[in-house]
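Q: Let me give you the structure first, and then I'll get to my questions.
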Amino acid sequence: MKNLAWHKCVFTLTRAIVKPIIKHKMKYEYQRYPMPDKPCLILANHTTDLDPALVSLGISKHCYFLASEHAFRAGFGSRVLKMLYDPIAFNKVRTDISAIKQMIFRMKNGANICLFPEGNRTFTGATMPFALSVTKLAKASGADIITFRIEGGYLTSPRWSKTMRKGKMFGRVVRHITQAELADMTEEQVLKAISTDIYEDAYVQQGTQPIHYCGKRLAEHIETALFLCPQCEGIGTLKSKGNQFYCDCGLAGLYTETGHLEGDDLPFSQTTDWGIWQSAHLASVIDNIDDRPICSDTGQALYKVHHASGKVLVGKGDISINHDALHCCGMVFPLENIMKFAVVGQMTLLFAEKQGDMYEVRSQTFRSALKYKEIFRVLTKR
């Protein structure tokens with residue numbers, strides 16, 4: 001396969017460079033797994049932006065990674081990324097057949113591929129569910145399956161935070177499933193095995209052997225993940241500063257070094273529980289809102305996206321969503337015409353229209369992109 005030897009060389013060199021940095025900065029420990037002399041599909045949970053490096057340290061051979069197509073729209077940086085590592089671009093808001101074909105092609109030609117089946121970093125600390133299509137890929141690839149679990153990543157680098165915390169992280173291969181074993185398993189059995197192997201709830205170990213994740217401004221921007229107030233049921237009313245978060249209704253709390261939430265009358269001590277509650281309770285809150293905007297934000301920039309190549313600024317202004325449409329920077333997008341919402345990074349909103357156009361919404365102020373994705377989920381589910 002073209003440039004495979006070059007990519008293996010860069011992979012080995014990069015791993016040697018980042019190893020001492022990651023071990024010191026993130027307190028990362030790992031078990032190096034001896035990879036077989038055959039192509040493998042490596043499946044791992046997604047907890048930090050540095051997960052590809054964390055997985056790379058835990059395996060003995062080179063592998064290619066999938067990367068969200070927005071990483072290919074960064075000009076010179078994207079060209080360097082392509083030249084050095086040649087990741088496979090995939091689209092978060094459309095079924096990307098080209099990415100699937102490219103993965104299978106590379107594995108058929110002797111390369112290892114690593115992907116994060118969730119397709120997204122967790123916002124609240126628990127591994128997210130993923131589609132059955134991952135098992136179809138596993139069976140069609142002709143490769144062995146290796147599952148890899150990263151522990152402690154969420155508490156080290158919460159997706160909603162701009163700051164890194166120093167505590168403890170660990171990564172290891174959980175299981176190696178050969179193609180012969182895969183052939184005797186149903187797709188549901190494969191899905192269950194992968195889901196079990198890569199699942200992590202950040203708070204399970206914290207309940208028995210708590211680890212302190214020390215850092216600065218521990219709670220800042222937690223409202224990008226926790227967007228529904230459990231006291232007044234306001235959407236997007238939570239604010240944060242330093243280690244504290246609060247709402248105008250009087251709700252207040254503290255994010256501690258163990259990742260727990262503390263505060264008088266605060267109904268949740270873990271972000272995972274808060275996230276589960278807001279996802280389940282959002283529908284009843286929306287039911288009590290008439291034709292007014294369900295939520296809104298100022299200081300937005302709307303871009304029209306060209307897949308893995310670039311974007312064009314459409315306009316700047318406000319964003320809001322009601323029962324029928326998304327209103328953004330002077331444009332109106334009926335919800336019935338939108339296929340899917342996705343969140344990129346901390347708070348960039350990505351969505352695709354059914355006729356093919358893709359858009360990206362960036363914010364100059366801190367606001368939750370997740371709330372728009374979740375509101376869309378509730379409204380379209382009906």
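Q: Only one of Leu335, Leu379 is out of contact with any Cys (no Cβ under 8 Å at 6 or more places or on another chain), of a type in the set (A, V, I, L, M, F, W, C) and more than 19 Å from Lys92 (Cβ to Cβ). Can you tell me which?
A: Answer to the check: Leu379.
Q: Let me ask something additional. Which ones in the range 256-275 are without any contact (Cβ under 8 Å) to a residue 24 or more places away in the chain and closer than 19 Å to Glu374 by Cα?
A: Asp273 - this is the single residue of the range 256-275 that is without any contact (Cβ under 8 Å) to a residue 24 or more places away in the chain and closer than 19 Å to Glu374 by Cα.
Q: Quick one: in the range 157-167, of everything that is of a type outside the set (S, T, N, Q) and under 20 Å from the mean Cα position of the chain (by Cα), which residue is most open to solvent (accessible area, probe 1.4 Å)?
A: Here the answer is Lys162.
Q: If you take the residues of the range 299-322 that are within 19 Å of Phe376 (Cα to Cα) and touching a residue at least 24 places away in the same chain (Cβ under 8 Å), which of them is surrounded by the fewest Cβ atoms within 10 Å (Cβ to Cβ)?
A: Ser320
Q: Exactly one condition in (1) touching a helix residue (DSSP H, G or I) at 6+ places or on another chain (Cβ under 7 Å); (2) among the aliphatic types (A, V, I, L, M); (3) open to solvent by 10 Å² or more (accessible area, probe 1.4 Å); (4) at pLDDT 85 or above is not met by Ile145; state its number.
A: (3)
Q: Are any residues in the range 79-103 at negative phi and open to solvent by less than 40 Å² (accessible area, probe 1.4 Å), and if so, which ones?
A: Pro87, Ile88, Ala89, Asn91, Lys92, Val93, Asp96, Ala99, Met103
Q: Can you go through Lys25, Lys38 and tell me which one is among the basic types (Lys, Arg), surrounded by fewer than 17 Cβ atoms within 10 Å (Cβ to Cβ) and closer than 23 Å to Gly345 by Cβ?
A: That would be Lys25, the only listed residue that is among the basic types (Lys, Arg), surrounded by fewer than 17 Cβ atoms within 10 Å (Cβ to Cβ) and closer than 23 Å to Gly345 by Cβ.
Q: With Phe366, Phe333, Phe376 as the choices, which residue is under 20 Å from Arg121 (Cβ atoms) and at pLDDT 95 or above?
A: Only one candidate passes the filter, namely Phe376.
Q: Could I ask something else about it? Does the range 89-108 hold any residues that are farther than 18 Å from Phe72 by Cα, touching a residue at least 40 places away in the same chain (Cβ under 8 Å) and either touching a Gly at 6+ places or on another chain (Cβ under 9 Å) or part of a loop (DSSP other than H, G, I, E, B) (or both), and which are they?
A: Within the range 89-108, Met107, Lys108 meet the criteria.
Q: Related question: Would you mind stating whether Val312 is more than 29 Å from Pro158 (Cβ to Cβ), modelled with pLDDT under 95 and not in a loop (DSSP other than H, G, I, E, B)?
A: When the stated conditions are applied, Val312 passes them.
The values are calculated or read from the model by the stated rules, or taken from the named source; none is laboratory data. Values in this document were obtained by computation on a predicted structure and should not be read as measured data. Because the Cβ atoms are built from the backbone with ideal geometry, glycine has one as well, and the counts that use them run over all protein chains shown. In case anyone asks, the SASA skips ligands and DNA or RNA and just uses the protein heavy atoms, side chains included. Shrake-Rupley method; radii C 1.70, N 1.55, O 1.52, S 1.80 Å.
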